[in-house]
Structures are given as structure tokens and as C-alpha cells.
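Chemist: Here's a structure for you.
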Amino acid sequence: MTIKTALQRERKSFSRGKGNATGQHDVPWSVSAVMLEQHGGVLRCNSRSDSFFPDERSADQDDPEDPKASNELRWHQGSSSSSSSDDCSSGSNESSCSAGGCHTRRPRCQSVTVHPRYQQHHLHPRASPWSRIIQFQLVLVLSVVLVFSGINSAVNCDENVTTGVRGSGDGGELKKGLLAGILATANSSSSSSSSSSSSDDEAKLLSVNEIDEMLDGVRHFTHHWAVHIPEGDVHGLADRVAAEHGFINRGKIFHEHYHFEHSRLHKRSLSPSKPHQQRLESDRRVRWAKQQRARSRQKRDFRPLTKSYQLPIQLNDPKWPEMWYLNRGNGLDMNVIPAWKEGVTGKGVVVTILDDGLESDHPDLEHNYDPYASYDVNSSDNDPMPHYDLTDSNRHGTRCAGEVAATANNSKCAVGIAYGAKVGGVRMLDGDVTDIVEARSLGHNSQHIDIYSASWGPDDDGKTVDGPGELATRAFIEGVRNGRGGKGSIFIWASGNGGREHDNCNCDGYTNSIWTLSISSTSQEGQVPWFSEMCSSTLATTYSSGNTNEKQVITTDLHHTCTSSHTGTSASAPLAAGIAALVLEANRNLTWRDLQHIVVRTAKPGNLIDPNWSVNGVGRRVSHSFGYGLMDAAAMVRLARTWKTVPEQQVCEINARHLDKQIPPRTKVTLQLIVEHCMGVNYLEHVQAKITLTSQRRGDIKIFLTSPSGTRVTLLTPRSHDLSRSGFNQWPFMSVHTWGEAPHGTWQLEIHNEGRLLAQITQWDLIFYGTETPAQPNDPVRFGKPGYDSNFGGEMEHNALEFDSGVTSDQWRDMQQGHSEVQRTSSNDVTTVSCARFDAASCIGLSLLVMFISQFYSDRQVSSIGSR
């Protein structure tokens, strides 16, 4: 290859790379006459620059394939004895001579044949071994840095962020240290460079928090505050504090906690009001204050269709023949008619619907309407009437109420399951849903109301992880401890409508709670509806809508009308609330835990179609889609009449030692926890696996828990829409599938990372809720393998009867309430086994090193051949 050929190729590559750009184009290496002379050739004319293109013309204009361009820059053959003066006297008007040589804008020079080794080592940069060594060193260093920094970011992904995201289970606000750092950053703009970078990091941390909070349903700041004032009722202290700081006291949330409103602040703000917060915090009479943020809470209904179902029954309500889920018989309905025939209609029981309002003057509801079970939290008055609009968007609560207590035999609309019960409504979804709003709703008149029915929750979008805040959690605890005269308020919750989005109701802190009775749906044909979510916290099932050719639920609607198209798990929870009202009439002494035991023992799985039914360690069939099966009203009423209050709840917590176990992509990690010292809990009810886990993509994680009796529970399924980097921070995945088993033995946790990014488990604990003795006096004492009594192997009337146990409180997060009876066992009870036997960073780094050594050796071989 000649110099001319090399030059043409190089200039051509410049031309194509730069397009029509103008400017000087220097080749990346220089050629001098001295260098050429050393290799047997001489350059007759030396440019004043090392560039082959000294005239600042564009590469396109100098394209060597163009005739004009090739005439402007030529190389001529000549002898090595030719002098520069001869070249300068060639007669060309394009050159001028000087003592320094030949200066030209368009140099006319002669070319000579160049030694091949020069072409290899000087004209073509890729042929230089040292250039290649430098390139490979840079690639190697950069790759290793990227690998290790990527792994570090995955391992430590948002450690502070996950701590601060309420939706990830840590109480709804940033840790004090992080928050203090952010506030300090905002107040000190001029500092050293180190503190400046620290501020940038914290700012980034805050922005990530805000993004993840938005993903988990956190919205704007409101003009409402929750304020803790000890002895606030004494001499109007709470009212005085509110007035002094420009607030209005909207009333008590619960004991010593008050709802303040500031009328001169914006109702919606992207940033908190720090001056008002600081004034409240600086007041010695105020123990705690928190500005409220709106949360996304969705009603769990769906639209579809109508169709009549004719079956003559002795009721004159016009829609009664179409109420297939109550009157089909043959084990294909909720089995309420036998209970009605026994005179059980819910009389004396009070149910309230926590929703968007209640049309209290509806002709099918007004007879059973209870104003003492009603309140408007959104407007702070006693009238729960919904706000009417063009789309009737606030019909949800009225529909749910009709399922529970629509009047029977009044020639109007339909009939409620507990048509003898009283029903009220709390309007709380028609506005900003804050922690205060939820807490006031959950705790409203808890000595009068028996059952709270809720058909809403965090977004069922397959990417949200959210649950009750501090005040709402406190309201749950207060309810189960003190509600109904100490027997405990009963909270019934719809499990969620995120099936189409591959959501999992264990990511919903309401249905995932031990304090709620989580209800799923089945269709007319006993199928899993398309909207239904699967999770291990679902206790039982009632009917609802299904596919487009299946019927839906009949109930009351706005404007004094009736509807045949109530749908979703929104329709299932009120049916369960109505059945619970029948059961409470049969036995007014039942506690909230008693009701859950009765549901487990009487639910029937027989007609529900799910290929994943399994049998737990005590012989009961259980499903992630249906829980223990379809609720049976008559069977529950019969069992309730003879039911004895379950023994006191015992709680045992086993704390694993802290670990930092990486979960590489497409692998799993298996952890084991040996339980030996939970003597207070021999008969399980609820089990929580409290997990702290980081992941670059939370939706890639799948989690299984296996009990000592061999019951394998799916705690979490992959969620394709969940792109959050927040992971889980002490999130309590709850299961009811091991109900009645013994906790003693080896528990196994499997965490699968099904994505392409690294994850890491840092902590996991097990919390067991149950009883020391069998739930009922006639239950046999078990023997044989853990959790299994060989006396009971087969199915009984509904599922399989076994010996159960009891619970009472303390879940979702550590509320610092403290249970003196809680047993805690730590690191000596844990062993870990990892299925991932390799380190990704070492593997990739070794591969790059081998590639580098191989290429270096190859270049040295080429160099040695050329030198010969």
C-alpha cells in the first residue's frame, strides 16, 4: 500500500464521518521528512503543519476521489537526491520558498515507496501494538469500574430511600436522620465542596424518594395536620393551641390526637408548609404533629353487564329472582336462606360502609339506615349523602350498602343479606384521602358499630406497595383492642382488582393485615375472575362478577334506583359483611378473632375452580385465589351458636441475624430459620415474614415460604409493571395458609430474582400469631409430625376441621406499642443456604483480564515478526 492510497482512505473516512461539516481536519498521526528518510524514502515538500490538510477546507471539498481535489494535493515520484530548492523552483505559482523549507497551501510533493514496517507501525493506527495496549487498558479499567459501581448501586440500592418510603412499609415518612440532612442541606447553600457533594447526594435521594412515593400512590400535601396534644380535652387545650397557631380544630381522631385545618393554606401543594410545621413542633404542649398528604385510594368495582335469572322465591322484591348468588341452592350460593328460615337476619348488628357516601333516603335503605353509624369525614358533618355529578361517580357506597341491608319484602329493588341489620355510611373517599381521613373513618363510633366494610385500597396497578399510615394503623389497633366493648371491631376488606395488571394483594397493607378479614371473588361459574388478585393473605371468597357472559350482583343505586351490574371485589366484601352480621346476631360474644376462626372452619372449596388448590399441614384445602373457599352463611351461624371464645393471642417473633445476601439475576437464594423457642404459640393463625430487600427492579422478585409441615406459600409473585427501585423495607408479607399448624421446626424462605439486575436480602424475621392451647375445648391435642394430627386426615362437611388458635394485634409495622408477651429469638436460630455460588463481579473481571492478556500477546507476536 502506498502513502497515496493510505491518505485517500483516511481522507475518505473523514469525509464520511463529518458529512458537510467545515473546518480543519487533521489526521491522527504526523509524518515528517526525517521519518521517511529513515525508511528509505524522502518527502520532497514539508508542510508547515503536521496535518495533511493545512488549508482549512472541508473534507468533502478535498475528497481524493474528486478530480479537482486530487489535482490540488499530489504526490510525485522522485529520487532521493532531489533537493528542496529544486522542488521550490518547479515553476508552480502555488508554492513559495523560504529558509525554513517549502510553505504552501496546496503542497505539490513527490512520493516515494515506503517500507512495509512503516506502513504497519506509523500509517495505520490500529497496527500499533502500544496503541492497542493503551486502548485495551482503558476498556479494562472502565469495564471493571462500571461492573463494581453497578453492583454496588444494586446492593445498596436506595437503602435510605426505602427506609423513607411509606409505601414500602416504614411508617410513612423519612427517617429522622435523612430528613434532618435534607433540611440542613436546604438551609446551608454555601459550604465546602465536600458538603456540596453531600448536598447533591441528598437532593438526589429526595428526588428518588418523591418519584417512588408517586409510584406508590403518594400525592400532594394538604392543609390538614394530625396533632398529638396530651390532655387536649382539658379546658379546651386543643382548641386554644389550634387558635394560637391559626388552625381550626376539626375534632378528635382518637385518644389525644386531633385534626387541625388551616384555612389560609392551599388545599393542594407539592411541598410541605415548613413554617406551620415548625410552629406546632416548637409548642411545648404539642407532642407530635404531621402535615397530611393525600393518598391514592381506588374503589374496587368494575362495570359489565346485565341479564335476568328467574327463580321463584317467596319475596316480593322485584330483583329477588335475579339474585342468583343468594337463591340458586345446591351449594352454588352463599347459603343464606337456611339462616333466614331460622330467624337470623342480622337484627341488632350495625354495619357501616367506608366509602364515597350513602344515599340515606333511598327507599330500600332508609328503613335500616343508622345515623349513629354515619359521618361525612370529607366535609366534617353528620350527613353522608354522596355528591352527585353527571357520571354518578359516587354511587359506590350506596351500592355496597344495599348488598348488606336492603330491606326485604318491601316491593322495592333487592334484598340485603342481613336485611334486619342497621347500616350506615362514612363518606371519606370523595376528597383527599389522608392518614387522618382513614383513621377517623376506621375509628368512627367504634362502641356502636360492629362491622366496617371497605371496598377500596391502594392503586391496583401492579406497581404500588402501600398500606395504612401511622394514624390508620393506630386506629386498627384501637379497634381490635377496644372496639365493641373489648371484643374488637371487625374490618372486612376487598382483596383487590389488580388481576389484569398481575398485581398481588400482599403488596396492599390493608388486605395484608392480620386485623382485616380479606375477601376475594369468584364468578357465577366458580371461576377465578379476570380482575381477582392472588395472595396468601386472602381468607375466604364470595360471589361477584366474572366474564362478560356471567351475571353480576344486584343492589341499590343512586337516585333511588336499582342496578344489576355491581362488580369486582367491591361487590364481594359487602356480601361477607352481611354474612358476618348474621353470625354476630347468632352469638354477640364473638371476638374479631373468633369470626376469622369460624370462616376458616366453615368455608367450602368444593365448587371453586382453581388448579392450584393445596392441602396444608392440618389437612385443609387452601388456595391463593380463594383462601379457604366460599363463605357459608348457614354453617357459620350454626357454628357460632356453640362457639367458645378462643384463648388469648400469643405472639412470637424470630429474628434472623443480619445478612447481606446477594441474589444475582436469574437465580434464587434459599434461607432457613429454625424455630425452637416459641412455646407460647403451638397453634398458628397468622404468619408474617417481615422482609428487607433491595432490588433495582422490584417487580422481578418472587418469594416463597415453606412451613415445617411442608405447606408452601407464595408470598409474592412477579409484577411486570413494578419498576420501582425501593425494594421492601420490613414489609410484612402475611399468610393464613398455615392456620392450625405448629410453628416449630425449620422454615424455609426462597427469594427468586427473575430479572436481569442484582437484588439483595439484608434482613428477614418471622412473626407467629396463635394460641398455646387448641382454639376450642373439644379440639384434640395434636401428635405426630409438626402441625398435623393423624386423627384428622379427611375432609369434613366443608373443608377439614382441625384444632386452631387465636390472635390479637401488632402487625403491619412495629408501632412501638410493645407486647410484653412477645417472644423474640435471634441469630442462633438461623442458618442460611445460598443457591448462588458465584460472584458476578469476579467472573466478569476475570473474563476481561483474559481477553486483555490474549490480545496483548497477539500484538507482541505481530511486533516481533515485523522487527525481524
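The values are calculated or read from the model by the stated rules, or taken from the named source; none is laboratory data. Remember, predicted model here, so these are calculated numbers, not experimental data. FYI the Cβ positions are ideal-geometry reconstructions off the backbone, even for glycines, and counts take in every protein chain you see. To get the accessible areas, we keep the full protein, side chains included, count just its heavy atoms, and leave off ligands, DNA and RNA. Shrake-Rupley method; radii C 1.70, N 1.55, O 1.52, S 1.80 Å.
Chemist: Scale the Cα Rg of segment 219-293 by the rule-of-thumb value 2.2 N^0.38 Å and send over the ratio, two decimals.
Modeler: Working: Rg = 11.5 Å, N = 75, 2.2 N^0.38 = 11.3 Å.
Taking the Cα Rg and dividing by 2.2 N^0.38 Å, one obtains 1.01.
Chemist: Hey, if you put +1 on the Cβ of every Lys and Arg and -1 on every Asp and Glu Cβ in segment 537-685, which of 609, 540, 627 ends up farthest toward the positive end of that dipole?
Modeler: 609
Chemist: Put a dot 7 Å past each Cα toward the Cβ at residue 481 and residue 677; how far apart are the dots in nm?
Modeler: Modelled inter-label distance: 2.6 nm.
Chemist: If you don't mind, another one. Could you size up the charge dipole of segment 219-293 around its Cα centre, putting +1 on the beta carbon of Lys and Arg and -1 on that of Asp and Glu, and report it in debye to the nearest 20? Spell out each step's value before the answer.
Modeler: Numbers: 14 positive and 8 negative charges, 92 e Å.
With Lys and Arg at +1 and Asp and Glu at -1, about 440 debye.
Chemist: Relative to the present Cα-Cα distance, how much length would full extension add between residue 756 and residue 560 at 0.36 nm per residue of separation?
Modeler: Details: separation 196, 0.36 × 196 = 70.56 nm, distance 5.48 nm.
Computed gain between residue 756 and residue 560 is 65.1 nm.
Chemist: If you don't mind, another one. Using a 1.4 Å probe, how large is the accessible area of residue 262, given in Å² and rounded to the nearest 10?
Modeler: 10 Å²
Chemist: Could I ask something else about it? Using the reciprocal of the averaged 1/r over all distinct C-alpha pairs, how large is the Kirkwood radius of segment 342-499 in Å?
Modeler: Values: mean 1/r = 0.0627 Å⁻¹.
Roughly 15.9 Å, rounded to one decimal.
Chemist: Sort 341, 347, 668 by heavy-atom solvent-accessible area, probe 1.4 angstrom, most to least. Could the numbers behind the result be given before it?
Modeler: On the way: 341 170, 347 150, 668 70 Å².
Highest to lowest solvent-accessible surface, that is 341, 347, 668.
Chemist: Quickly work out the residue 445-to-residue 347 label distance, labels modelled 7 Å from Cα along the C-beta direction, and quote it in nm with one decimal.
Modeler: 2.1 nm
Chemist: Applying 1/(1 + (r/R0)^6) with R0 = 45 Å to the Cβ-Cβ distance of residue 372 and residue 283, what FRET efficiency is obtained, to the nearest 0.05?
Modeler: Given R0 = 45 Å and the Cβ-Cβ separation, E is 0.85.
Chemist: Does segment 320-642 come out rounded, prolate or oblate by the C-alpha gyration tensor, with a ≥ b ≥ c the root eigenvalues, rounded set by a/c under 1.5 and, if not, prolate when a/b is larger than b/c and oblate if not?
Modeler: Numbers: a/c = 1.22, a/b = 1.13, b/c = 1.08.
Cα axes put segment 320-642 in the rounded bin.
Chemist: Could you give the Stokes-Einstein D for segment 343-415 in µm² per second, using the C-alpha Kirkwood radius, 4 °C, 1.567 mPa s?
Modeler: Values: Rh = 12.9 Å.
For these conditions, the coefficient is 100 µm²/s.
Chemist: Right, another one. Exceeding 30 Å between C-alpha atoms, which entries from my cross-link table qualify? They are 290/668; 422/551; 347/487; 487/690. Please list the in-between numbers first.
Modeler: Working: 290/668 41 Å; 422/551 27 Å; 347/487 18 Å; 487/690 27 Å.
Result: 290/668 exceed 30 Å.
Chemist: On to the next question. Stokes-Einstein diffusion coefficient for segment 446-546 at 4 °C in a medium of 1.567 mPa s, Rh from the Kirkwood formula over Cα pairs: what value in µm²/s? It would help to have the intermediate numbers written out before the result.
Modeler: On the way: Rh = 14.1 Å.
Translational D for this selection: 92 µm²/s.
Chemist: Something else: Name the residue farthest towards the positive end of the dipole of segment 219-293 from the options 228, 292, 258, assuming +1 on Cβ of Lys and Arg, -1 on Cβ of Asp and Glu, about the Cα centre.
Modeler: 292
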